[in-house]
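Trainee: Below are the structure tokens for one structure; questions will follow.
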Amino acid sequence: MNFRKILTIIISKLTIRILRILKKGGTTLPGKVAFKLYPDILKSIAKDFEIIMVTGTNGKTTTSRIIEEILKNNNVDYITNKSGANLLSGITTTFIQAVSPLGKPKHKTALIESDEAAFNQVTKHLQPKSVVVTNFFRDQLDRYGELYSTLNAVKSGLDRLDEKTTLILNADDSMCASLGHETEKPVFYYGFGETASQQSLENINTDAMFCIFCKGKYQYKNHVYGHLGGFYCPECGYSRPAADLECIGIEEAESSYTTIKWKYSKALGTDEAEHTTRINLPGLYNVYNAMAAATCGLSLVYSHETVQKAVESFECGFGRMETINVGDKLIKLILVKNPTGFNQVLNFLTLDSQPLNIAFLINDKLADGTDISWLWDVDFEHLNTADDRIVNLITSGIRGEDMAVRLKYSGLDTKKIRIIKDYQRVIDEGLRAVAAGGCFYILPTYTAMLDIRGILKKKFNLKEFWK
Amino acid sequence: MYQLKICHLYPDLLNTYGDMGNILSLKRRAQWRGIDVSVTNVTIGDSFDSQEYDIVFLGGGQDYEQEIIQNDVLTQKGAEIKNAVEGSKVFLCICGGYQLMGKYYKTWDGKELEYLGALDLWTIGGKERMIGNIVFESELISDNGSPLKIVGFENHSGRTYLGDNVRPLGKVLSGNGNNGTDGFEGAVYKNVYCSYSHGSLLPKNPHLADHLISIALKQKYDEFDGLNQLEDAFENAARVTMIQRILK
């Protein structure tokens with residue numbers, strides 16, 4: 001019997017209790033305490049779980065929530081780190097909650113979202129059965145350093161894992177797919193087929209233009225967005241791998257959902273038929289998230305029906321297209337954190353034919369990224385295509401003034417842009433400008449989301465995020 | 001009608017920290033004054049003839065991209081860039097682009113990379129990155145008679161040192177600047193302006209953007225006698241808020 005381990009678990013559990021009583025959603029402190037007391041705590045209590053890990057730049061949370069829905073549909077007894085507690089300490093807290101004081105698992109499966117920069121460190125303690133890597137985009141260079149160092153860190157993390165670990169990788173991302181190159185581990189890929197995406201076009205501001213293996217310039221057969229698509233390197237021959245789950249057509253792209261056709265390879269399922277699926281969130285990036293989750297579910301031999309049902313019915317919450325009903329109006333909260341994700345959000349906002357009322361809440365705390373230069377890499381110019389429908393643009397957050405400057409230089413009418421620093425007023429004045437039946441979109445960075453969600457929670461009775 | 005021709009060098013590769021904002025600022029501020037603006041992208045393999053442009057912009061990239069352009073910039077465009085600099089062409093060079101204009105970059109473990117040598121300055125790699133908000137003050141540009149306070153964000157591991165022929169762009173009030181020790185930020189030689197500051201630099205510091213547009217137009221048109229004032233409420237709010245927060 002390991003008394004140090006038991007004592008660590010008990011103290012950490014108490015810390016969680018106390019934080020709850022104090023109404024703080026303490027997801028990291030208990031894990032930090034546990035590590036101080038017993039550095040091997042995570043390794044020791046996590047080893048009896050079947051672990052599914054999700055990492056990458058964009059889409060980790062949404063992908064995890066769809067996988068969670070698949071687990072639910074299959075009556076799997078699972079735990080998961082819900083609230084963006086995706087660093088080592090938060091993950092440790094999650095496991096501590098999931099074991100008895102003696103360290104015995106209370107559940108069978110653990111679905112763990114891991115920050116891409118923390119992944120390497122986390123895999124020193126966890127041995128997952130499956131790892132889903134969503135994509136690599138430029139994100140918070142002040143914190144993560146260069147994009148290639150993030151990729152290399154994830155690669156080192158994967159290299160450490162058991163040869164039987166299944167990898168689920170984005171075929172269309174040359175960086176992500178490179179993780180499956182020359183590995184002994186079983187790999188399943190997902191991506192867009194040539195028929196489902198547009199012809200290649202020159203895209204100047206992209207993250208991966210040159211071959212990761214030989215520095216030749218990639219060519220594209222088809223292009224989805226950013227650097228995602230049917231890439232190939234004419235110099236060394238590295239190219240997009242064949243996908244085990246492939247989107248072969250987009251039937252409807254609406255501002256609240258997307259209907260697609262997809263198809264599985266033999267390796268993934270018994271049937272190679274085409275399936276039409278309605279993904280319960282808008283935007284091409286959510287098609288990727290749905291494909292990542294479905295590929296993960298099918299590779300774990302869950303049935304097509306349970307996977308399909310998950311994709312069609314899941315709800316994300318916590319700032320990922322979270323919808324709040326306010327009388328006859330709606331508020332939609334959509335987290336923004338880097339140019340690629342932001343561009344995708346702007347894309348589907350302009351799909352709608354409704355008037356546009358948008359608030360941009362930009363903070364520059366550590367979790368948001370202290371450098372806001374990335375706002376200049378977002379294609380706000382795209383909003384000009386919906387110029388006649390734009391009613392009201394509010395900028396707020398610690399860097400609300402910078403956001404107003406950004407919108408001004410995109411060429412939008414400055415009369416429609418207002419800086420309002422007080423969130424209460426953002427909500428009130430934002431809603432007031434919306435007509436009955438309309439929607440007020442709030443696009444916050446991470447810590448701005450926590451703040452405004454706190455206010456919305458009080459005002460409109462939202463769920464606590466750590467539940 | 002005045003014309004302003006902007007050249008963006010390696011926009012597909014040297015674009016790490018919102019460098020597009022600098023191009024947008026020059027472009028919009030000229031357009032808002034009725035000046036006809038063109039932006040030409042010049043990258044690897046393209047020919048570069050500085051005669052065709054009034055302002056040349058060179059941004060910063062990640063190490064991977066800097067390596068990729070290294071050969072092209074030295075062998076294909078280097079001589080023309082040096083000619084243009086000596087001929088008083090207006091340049092704005094940020095971060096990696098700033099370093100590239102210098103003589104060499106010595107990595108912290110002693111490896112020396114030859115750079116353009118267009119400016120008498122050089123860079124020594126450091127182990128620690130200098131990351132954070134920066135405010136510096138430039139006597140070269142006036143803000144209603146006092147030296148202009150410029151605000152931005154720096155993120156670099158290279159320490160840059162200036163030779164005798166090059167002046168600093170400003171004096172650091174908060175942050176690291178060129179090398180974290182001598183208290184200076186950026187470099188100016190003839191009409192070449194260099195800075196470590198992005199954020200982006202120009203949109204939030206409209207005086208500096210207008211200064212660059214003015215010297216470019218003055219060179220081109222004898223009769224040019226200055227730019228009219230624009231309404232800069234958002235720009236000033238962004239600039240002043242950050243300066244107050246940082247210098248507090």
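Trainee: Assigning unit charges at the beta carbon (Lys, Arg +1; Asp, Glu -1) and nothing else, what dipole magnitude in debye, to the nearest 20, does the stretch A:320-460 show about its Cα centre? If you can, show how the numbers build up before the last one.
Mentor: Details: 19 positive and 18 negative charges, 108 e Å.
Dipole size: approximately 520 debye.
Trainee: Could you point to the residue in A:Leu375, A:Tyr423, A:Val345 farthest towards the positive end of the stretch A:340-428's charge dipole, with +1 and -1 charges on the Cβ of Lys/Arg and Asp/Glu respectively?
Mentor: It is A:Tyr423.
Trainee: Based solely on C-alpha atoms, express the radius of gyration and the Dmax of the stretch A:316-415 in angstrom.
Mentor: Answer for the stretch A:316-415, Rg first and Dmax second: 13.4, 38 Å.
Trainee: Using DSSP, restrict attention to beta bridges with both residues in the stretch A:320-460 and report what percent are antiparallel, rounded to the nearest 5. If you can, show how the numbers build up before the last one.
Mentor: Numbers: 6 of 24 bridges.
In the stretch A:320-460, DSSP labels about 25 percent of beta bridges as antiparallel.
Trainee: Restricting to chain B, what percent of DSSP beta bridges are antiparallel, rounded to 5?
Mentor: Values: 29 of 50 bridges.
Counting only bridges with both partners in chain B, antiparallel ones make up about 60 percent.
Trainee: Say the cut-off is 28 Å between C-alpha atoms; which of A:Lys60/A:Lys263; B:Lys77/B:Lys106; A:Lys32/A:Lys332; A:Lys32/A:Lys164; A:Lys337/A:Lys415 go over it? Provide the component values of the computation, followed by the final result.
Mentor: Working: A:Lys60/A:Lys263 23 Å; B:Lys77/B:Lys106 22 Å; A:Lys32/A:Lys332 34 Å; A:Lys32/A:Lys164 30 Å; A:Lys337/A:Lys415 26 Å.
Cα-Cα > 28 Å for A:Lys32/A:Lys332; A:Lys32/A:Lys164; rest within.
Trainee: Shifting gears a bit: Would you work out which of A:Phe213, A:Ile51, A:Thr385 lies farthest towards the positive end of the dipole of chain A? Charges go on Cβ: Lys and Arg +1, Asp and Glu -1.
Mentor: Checked the options; the winner is A:Ile51.
Trainee: How about A:Lys155: which aspartates and glutamates have a C-alpha closer than 13 Å to its C-alpha, ignoring those fewer than 8 places off in the same chain?
Mentor: A:Glu116, A:Glu182
Trainee: What are the chymotrypsin sites (Phe, Trp or Tyr not before Pro) within the stretch B:34-130 that DSSP puts in a loop, where the Cβ has at most 16 other Cβ atoms within 10 Å? Can you show the working numbers first?
Mentor: Values: sites: B:Phe48, B:Tyr53, B:Phe57, B:Tyr64, B:Phe91, B:Tyr98, B:Tyr104, B:Tyr105, B:Trp108, B:Tyr115, B:Trp122; in loops: B:Phe48, B:Tyr53, B:Trp108, B:Tyr115.
Filter output for the stretch B:34-130: B:Trp108.
Trainee: Within 10 Å of each Cβ in A:408-415, how many Cβ atoms from other chains are there, averaged over the peptide? If you can, show how the numbers build up before the last one.
Mentor: Working: counts 9, 12, 2, 4, 0, 0, 3, 0.
Taking the mean over all residues of the peptide, I get 4.
Trainee: Summing +1 for each Lys or Arg and -1 for each Asp or Glu, what net charge is found among the other residues whose Cβ lies under 12 Å from the Cβ of A:Cys236?
Mentor: On the way: positive: A:Lys215, A:Lys217; negative: A:Glu235.
Residues near A:Cys236 contribute +1 overall.
Trainee: Past 28 Å, Cα to Cα, is the threshold; run A:Lys43/A:Lys457; A:Lys416/B:Lys248; A:Lys215/B:Lys103; A:Lys82/A:Lys221 against it and keep the listed order. Provide the component values of the computation, followed by the final result.
Mentor: Details: A:Lys43/A:Lys457 36 Å; A:Lys416/B:Lys248 32 Å; A:Lys215/B:Lys103 26 Å; A:Lys82/A:Lys221 38 Å.
As for pairs spanning more than 28 Å Cα to Cα, those are A:Lys43/A:Lys457; A:Lys416/B:Lys248; A:Lys82/A:Lys221.
Trainee: Within the stretch A:248-316, list the GluC sites (Glu not before Pro) lying in a DSSP loop whose Cβ has at most 14 other Cβ atoms in a 10 Å radius. Can you show the working numbers first?
Mentor: Working: sites: A:Glu251, A:Glu252, A:Glu254, A:Glu272, A:Glu274, A:Glu305, A:Glu312, A:Glu315; in loops: A:Glu254, A:Glu272, A:Glu315.
Here the GluC sites (Glu not before Pro) that fit, given the DSSP loop and packing criteria, are A:Glu254, A:Glu272, A:Glu315.
Trainee: Is there a quick way to get the dipole size of the protein assembly as shown? I mean about its Cα centre, with the Cβ of Lys and Arg at +1 and of Asp and Glu at -1; what is the value in debye to the nearest 20? Walk me through the intermediate numbers first.
Mentor: Numbers: 80 positive and 85 negative charges, 707 e Å.
Here the protein assembly as shown has a charge dipole of around 3400 debye.
Trainee: Once you charge only the Cβ atoms, +1 for Lys and Arg and -1 for Asp and Glu, what is the size of the charge dipole of the stretch B:3-247 about its Cα centre, to the nearest 20 debye? Mind showing how you got there, number by number?
Mentor: Numbers: 23 positive and 32 negative charges, 93 e Å.
With only Lys, Arg, Asp and Glu charged at Cβ, the dipole is about 440 debye.
Trainee: Shielding by partners for B:65-74, please: the mean number of other protein chain Cβ atoms within 10 Å of each residue's Cβ. Don't jump to the answer; show the numbers that get you there.
Mentor: Values: counts 4, 0, 2, 4, 0, 0, 0, 0, 0, 0.
Mean shielding by partner chains, rounded to a whole number: 1.
Trainee: Now a separate question. Looking at the protein assembly as shown only, what percent of DSSP beta bridges run antiparallel? Nearest 5 please. Could you put the intermediate results ahead of the total?
Mentor: On the way: 58 of 120 bridges.
So the antiparallel bridges amount to about 50 percent of the total.
Trainee: Name the residues whose placed amide hydrogens come within less than 5 Å of the amide hydrogen of B:Lys106, ignoring near sequence neighbours (fewer than 5 apart) on the same chain.
Mentor: For B:Lys106, the qualifying residues are B:Leu113, B:Thr123, B:Ile124, B:Gly125.
Trainee: Using the membrane-span-like helix rule (whole DSSP H runs, Cα extent along the own axis of at least 24 Å, mean Kyte-Doolittle hydropathy at least -1.0), which helices of chain A qualify?
Mentor: Numbers: long enough: A:3-21 (27 Å, 1.17).
Qualifying helices: A:3-21.
Trainee: For chain B, set up a GNM with springs between Cα atoms under 10 Å and report which of B:Lys89, B:Lys127, B:Lys171 has the largest fluctuation.
Mentor: Maximum among the listed residues: B:Lys127.
Trainee: Given the -39500 (n - 2.57) contribution per DSSP H run of 4+ residues, what per-residue ellipticity at 222 nm results for the protein assembly as shown, rounded to the nearest 500 deg cm²/dmol?
Mentor: Values: 22 runs with 226 residues, N = 715.
Value at 222 nm, helices only, nearest 500: -9500 deg cm²/dmol.
Trainee: First select every other residue whose beta carbon is under 12 angstrom from the beta carbon of B:Ala84; then total the charges, Lys and Arg +1, Asp and Glu -1. Numbers along the way, then the final one.
Mentor: Values: positive: B:Lys77, B:Lys82, B:Lys89, B:Lys190; negative: B:Asp49, B:Glu52, B:Asp54, B:Glu80, B:Glu86.
So the environment of B:Ala84 carries a net charge of -1.
Trainee: Given A:Leu87, A:Leu147, A:Pro105, which one lies farthest toward the positive end of the charge dipole of chain A, if we put +1 on the Cβ of every Lys and Arg and -1 on the Cβ of every Asp and Glu?
Mentor: The Cα lying farthest towards the positive end belongs to A:Pro105.
Trainee: Separate question: Hey, how many Å between the Cα centroid of the stretch B:6-81 and the Cα centroid of the stretch A:1-74?
Mentor: 48
Trainee: In whole Å, what is the distance between the alpha-carbon centres of the stretch A:295-333 and the stretch A:208-251?
Mentor: 28
Trainee: Please find, in a Gaussian network model of chain B (springs between Cα atoms separated by less than 10 Å), the residue of B:Gly170, B:Gly59, B:Gly183 whose mean-square fluctuation is greatest.
Mentor: B:Gly183
FYI, it's all coordinate maths here, none of it is from the lab. Small disclaimer: the values here were computed from a predicted structure and weren't measured. For neighbour counting, all protein chains shown are included, and Cβ atoms are generated from backbone atoms with ideal geometry for every residue, glycine included.
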